[in-house]
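Worksheet: one structure, shown below.
The values are calculated or read from the model by the stated rules, or taken from the named source; none is laboratory data. Treat the numbers as computed from the prediction; the structure is a model and nothing was measured. Please note: Cβ atoms are built from the backbone with ideal geometry, for glycine as well, and neighbour counts cover all protein chains shown.
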Amino acid sequence: MKTKKLPFFFFAYLASVLLVQCKTQSSVDPLAALLVNPPTISSVTPQIGTPAQNNLNAAYGATEVTIKGENFGLDATVRFNEIQATIIANLGTELHTLVPDGTYSGYVTVSKSGGSCFSGQKTGINCVGTEFFVDCYAVTNKQYGEETEIKQGESKSITFDGVETKAFRTNVITGSASITIGCDSIVTLRVFNRSCQATDYILQKDPTVVIPGGISTQFYLTAGSSTCGITI
């Protein structure tokens with residue numbers, strides 16, 4: 001009985017199939033996938049924080065933020081809006097960083113080596129981001145009680161019992177506005193900019209302070225025993 005020989009082209013075809021399979025398997029190398037795939041963010045903790053504060057009678061360190069996700073790469077860059085932050089630790093799927101000086105509410109983004117984020121957005125090339133909020137008062141554990149919100153165009157009467165400090169917030173929607181104080185006693189007013197740096201107006205009578213539009217402004221008012229009118 002003769003053995004039937006397989007034609008040469010069959011062996012050539014079989015070799016080509018095996019070669020393609022080998023190339024396909026090598027193309028899913030984990031390290032290569034890490035370098036090619038865009039980063040993703042699953043959580044940012046906390047999502048509200050503050051840059052470092054050093055305001056006369058109170059100093060607070062920058063908030064440490066943990067960003068969890070995937071495909072961060074070996075040389076990730078973290079930015080709060082346009083400001084690059086220092087990465088304390090890169091654990092592959094977890095980045096630890098500090099809110100940098102000058103940060104204001106907007107986006108925190110992660111980009112891989114060679115990637116870039118679109119200005120004022122949370123997307124880009126090999127870039128991903130999510131919202132982040134700056135709160136100058138939260139870091140104090142609400143030492144002066146709950147913040148009182150005063151809307152643009154609104155006026156409120158606030159009673160102070162003895163020498164007392166109270167916390168306030170306002171959001172100027174259109175144009176600019178002023179914080180105007182009318183009080184029987186001399187007052188001290190501390191106004192924070194959007195990056196939590198404070199300007200103090202110490203022991204003044206009925207001060208008026210211009211504040212910018214389009215952002216939220218936080219401020220403290222210290223007064224003696226009296227009722228003060230606050231107008232935005």
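Say we look at the stretch 86-130 and pick out the residues that are of a type in the set (Gly, Ala, Ser) and at pLDDT 95 or above; which of these is farthest from residue 52 (Cα to Cα)? Once the filter is applied, the top-ranked residue is 111.
Output the residues belonging to the stretch 87-112 that are surrounded by fewer than 20 Cβ atoms within 10 Å (Cβ to Cβ), of a type outside the set (A, V, I, L, M) and without any contact (Cβ under 8 Å) to a residue 60 or more places away in the chain. Selection gives 90, 92, 93, 94, 96, 100, 107. The set of residues from the stretch 172-184 being small (Gly, Ala, Ser) and surrounded by 15 or more Cβ atoms within 10 Å (Cβ to Cβ) comprises 177, 182.
Within the stretch 73-85, if we keep just the residues that are surrounded by 15 or more Cβ atoms within 10 Å (Cβ to Cβ) and at pLDDT 95 or above, the residue that is farthest from residue 140 (Cα to Cα) turns out to be 76. May I ask you to verify whether residue 179 is among the β-branched types (Val, Ile, Thr) and within 21 Å of residue 104 (Cβ to Cβ)? Against the criterion (among the β-branched types (Val, Ile, Thr) and within 21 Å of residue 104 (Cβ to Cβ)), residue 179 qualifies. Look at the stretch 38-58: where a residue is closer than 15 Å to residue 130 by Cα and a partner is assigned to a strand (DSSP E or B) and basic (Lys, Arg), sitting 6+ places away or on another chain with Cβ atoms under 7 Å, you get 39/112; 42/68; 43/68. Screening the stretch 124-149 for residues that are β-branched (Val, Ile, Thr) and closer than 14 Å to residue 103 by Cβ and picking the one that is surrounded by the fewest Cβ atoms within 10 Å (Cβ to Cβ) gives 139. Given the structure, is residue 226 farther than 18 Å from residue 172 by Cβ, assigned by TED's automatic domain parsing to the domain that holds residue 145 and not β-branched (Val, Ile, Thr)? Taking the combined requirement at face value, the residue satisfies it.
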